[in-house]
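As structure tokens, the structure follows; a few thoughts come after it.
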Amino acid sequence: MEEEISLSELFNILKKRLSVIVSLGLIVLIIAAGFTFFIATPEYNATTQILVNRTTESAEGLQLTDINTNVQMINTYKDIIKGPVILNEVQENLETALTTTELSNKIEITTQENSQVFSLTVTDDSPYEAAEIANAVAVTFQNEIGNIMNVENVTIISEAVPVTDQISPNNPLNLVIGLLVGLMLGVGIAFLLEFMDKTVRDERFITETLGWSVLGSVSEMSHDELQAEVKVKQPELNTRRTKSRV
């Protein structure tokens, strides 16, 4: 019985403060939309794929152990690509104002399990600059890795091309999150307002919260009840007025 009363009170509070909840939901939704469409900078990425085979001295050609070694070496290539050895030359070739650290932060190297191919992805606020940087890094790595390690066979499987579909911000997701956050904030404020409201609403507030005894109660009459009471009392009032005149 107590659970049913609690649920009933819960829904009554939400219903009572519905305007507050909806208003805050719309306000935060508008803020999220403003940030998403007018403040946040769209970002794009471009990807190139590279295959690297280390030089082998075996007369039988590339063996399974060599393939496994090549796969394990991809982490080393990742560190080299994102290091100043490669990025300093990329910076000079592109004549960009970006530092090597900024270039490194734009680069992400990903691999598939047991694959000698790795992907080089660049994220930038311009899809064309992202593709240009990715291709420049791939070409520079292809030209310089032989001077750093015993690697001669570097193949750029696919060049990066500009992709105009932004990867962030995710407009629909931002709007949904904004609406949900606003509604949750509205629900929290609704309960806070209800908790701070000390208005006496029923006998239970007096007996349980204040610890007082109820000495009496005044019933609130509806409009129809009031009209009915007036009709009943009206003849009596007219009679009294007649007697007073006499």
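The values are calculated or read from the model by the stated rules, or taken from the named source; none is laboratory data. All values reported here derive from a predicted model rather than from experimental measurement. A quick note on method: Cβ atoms are made from the backbone with ideal geometry, for glycine too, and the neighbour counts reach across all protein chains shown. Areas reflect the complete protein model, heavy atoms only, side chains present, ligands, DNA and RNA absent. Shrake-Rupley method; radii C 1.70, N 1.55, O 1.52, S 1.80 Å.
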Quick note, region 88-172: a/c under 1.5 would make it rounded; otherwise a/b > b/c is prolate and the rest oblate (a ≥ b ≥ c, C-alpha gyration tensor); here it is oblate
Residue-normalised value, i.e. accessible area per residue, for region 138-195 at 1.4 Å probe, in Å², stands at 61
The FRET efficiency for residue 156 and residue 9, from their Cβ-Cβ distance with R0 = 51 Å and rounded to 0.05, is 0.15
Sorted on mean Cβ neighbours within 10 Å (highest first), peptides 190-196, 114-120 come out as 114-120, 190-196
Quick calc, region 98-174, dipole around Cα centre from Cβ unit charges on Lys, Arg (+) and Asp, Glu (-), nearest 20 debye, gives 100
Ranked output for segments 147-159, 127-139 by mean other Cβ atoms within 10 Å, highest leading, reads 127-139, 147-159
